[in-house]
Amino acid sequence: MSLAAGAAVGPPPGMRVRLSSNESPFGPSPAAVAAASQALAEAHRYPDDASAALRAAIAAEEGVTPEQVAVGNGSAALLMDLIPERCAGQADAEVVAFERSFVVYRLAARNAGARYLEVATGGPAVGDRPGYQRDVEALLAAVTDRTRVVVVDNPANPTAAHVTDAALRHLADGLPDHVTLIVDEAYHHFATGQDGYARVGALGLDHPHLAVLTTFSKAYALAGLRVGALLGPAELVAATDGRRPRFNLTAPAQAAAIASLADTDHLAVTVEGTVAGRERLSAGLAALGVPHSAGLANFLTVELGTDAGPVVAAFAEHGIGVRALQPYGLHEQVRITVGTPEEVEAVLLAAASVLAEVPSRA
Ligand SMILES: Cc1ncc(COP(=O)(O)O)c(C=O)c1O
């Protein structure tokens with residue numbers, strides 16, 4: 001996998017419909033926008049370095065104490081502190097993840113000076129049978145005395161696969177105590193209660209070093225303000241928090257995140273709209289005979305059976321930005337974020353002509 005990820009991160013310029021970065025098309029809560037605007041008027045003041053009110057609000061939401069919560073500039077920034085923190089002081093430290101996991105795990109392992117090991121998953125989707133299935137037994141088999149971290153995105157980006165509650169329990173039970181298990185729940189709002197998915201917090205798992213990551217970038221639609229949270233034992237949280245830059249979260253970001261947590265109506269509209277859009281997109285692709293993984297997140301992973309480059313370009317000609325996945329070693333796949341109902345229909349309309357020209361389906 002290429003580490004020159006910069007080129008793959010930004011949205012393609014000039015797209016009418018931006019479905020390449022798993023953003024929420026429903027936008028932030030109006031209450032969050034109002035709170036951020038109000039905070040902006042005080043921009044001459046430093047923000048609360050401890051983000052105390054936000055951490056208290058997250059703790060209340062998650063049923064933990066504020067000491068068990070750290071916040072960062074997105075969960076990506078927290079990973080960049082958490083993984084080096086867990087690998088510190090061990091020259092031959094290893095980080096284990098499933099292949100085609102979220103790219104930041106690899107980058108954080110590199111920052112930690114640790115070896116990054118990937119465990120194989122199942123093959124691509126066939127029809128509407130999802131692909132890239134994950135077997136936690138393979139993760140357990142890869143763990144050695146050198147392993148410091150096992151990290152699982154659940155659901156996974158970009159493959160849309162997930163591990164079930166039973167599998168997660170088996171993983172936590174089987175990991176030795178010297179390993180920290182990180183479960184990245186960036187997309188949990190779109191997944192909970194479906195197909196055996198459960199959040200770590202609901203399972204009462206028994207492992208001394210268990211960390212959960214969440215973000216305000218997806219269901220809360222605050223990707224541009226950069227707010228993520230780490231949940232875990234107070235000691236692990238404090239050690240990770242000790243690595244962050246001072247005043248890391250801006251005051252508008254803190255205010256918007258607090259207001260977002262309170263606006264449960266907006267969250268419900270977003271989650272319901274996303275799940276409905278995911279089902280509609282999946283059904284539309286199935287009707288076109290396009291194999292894909294619909295998954296439990298806010299995107300679909302689509303099998304093209306041909307090089308993705310021209311397909312991405314053809315969607316772009318329709319004004320639709322979708323994500324190529326070459327950095328993940330997936331050369332014949334694209335990832336499409338679930339948009340508004342209108343955007344979903346626009347994708348399906350474009351797909352009918354773009355994908356009809358794909359050689360594997362001609
Ligand atoms: C699995 C996963 N984890 C974490 C993130 C990072 O989110 P953020 O840094 O915006 O909180 C993403 C973003 O796409 C993701 O897909």
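The values are calculated or read from the model by the stated rules, or taken from the named source; none is laboratory data. These numbers were taken from a predicted model, which means no experiment stands behind them. A quick note on method: Cβ atoms are made from the backbone with ideal geometry, for glycine too, and the neighbour counts reach across all protein chains shown.
Key figures for this structure:
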quantity	calculated
Segment 230-245, residues that are touching a Lys or Arg at 6+ places or on another chain (Cβ under 9 Å) and crowded, with 19+ Cβ neighbours inside 10 Å	L236, T240
Subset of segment 116-171 (residues that are at positive phi and not aliphatic (A, V, I, L, M))	G127, Y132
Number of positions in segment 105-115 that are within 16 Å of the ligand (Cβ to nearest atom) and either surrounded by 23 or more Cβ atoms within 10 Å (Cβ to Cβ) or assigned to a strand (DSSP E or B) (or both)	3
Test result for R226, charged (D, E, K, R), outside the structural domain of Y187 (by TED's automatic domain parsing) and within 16 Å of the ligand (Cβ to nearest atom)	no
Residues being within 16 Å of the ligand (Cβ to nearest atom), hydroxyl-bearing (S, T, Y) and either surrounded by fewer than 21 Cβ atoms within 10 Å (Cβ to Cβ) or under 17 Å from G131 (Cα atoms) (or both) - total across segment 144-197	3
Condition met for Y197 (touching a helix residue (DSSP H, G or I) at 6+ places or on another chain (Cβ under 9 Å) and modelled with pLDDT of 95 or more)	yes
Whichever residue in segment 59-92 is without any contact (Cβ under 8 Å) to a residue 60 or more places away in the chain and buried (at least 19 other Cβ atoms within 10 Å of the Cβ) and, among such residues, is nearest to the ligand (Cβ to nearest atom)	M80
Condition broken by T121, with the remaining ones in (1) among the β-branched types (V, I, T); (2) part of a loop (DSSP other than H, G, I, E, B); (3) touching a helix residue (DSSP H, G or I) at 6+ places or on another chain (Cβ under 7 Å) satisfied	(3)
Some residue of segment 97-104 being over 16 Å from the mean Cα position of the chain (by Cα) and in contact (Cβ under 8 Å) with a residue 40 or more places away in the chain	no
Qualifying residue in segment 215-227 (condition: surrounded by fewer than 17 Cβ atoms within 10 Å (Cβ to Cβ) and at pLDDT below 95)	no
When residues of segment 198-213 are limited to those that are of a type outside the set (D, E, K, R) and in a loop (DSSP other than H, G, I, E, B), the one surrounded by the fewest Cβ atoms within 10 Å (Cβ to Cβ)	G204
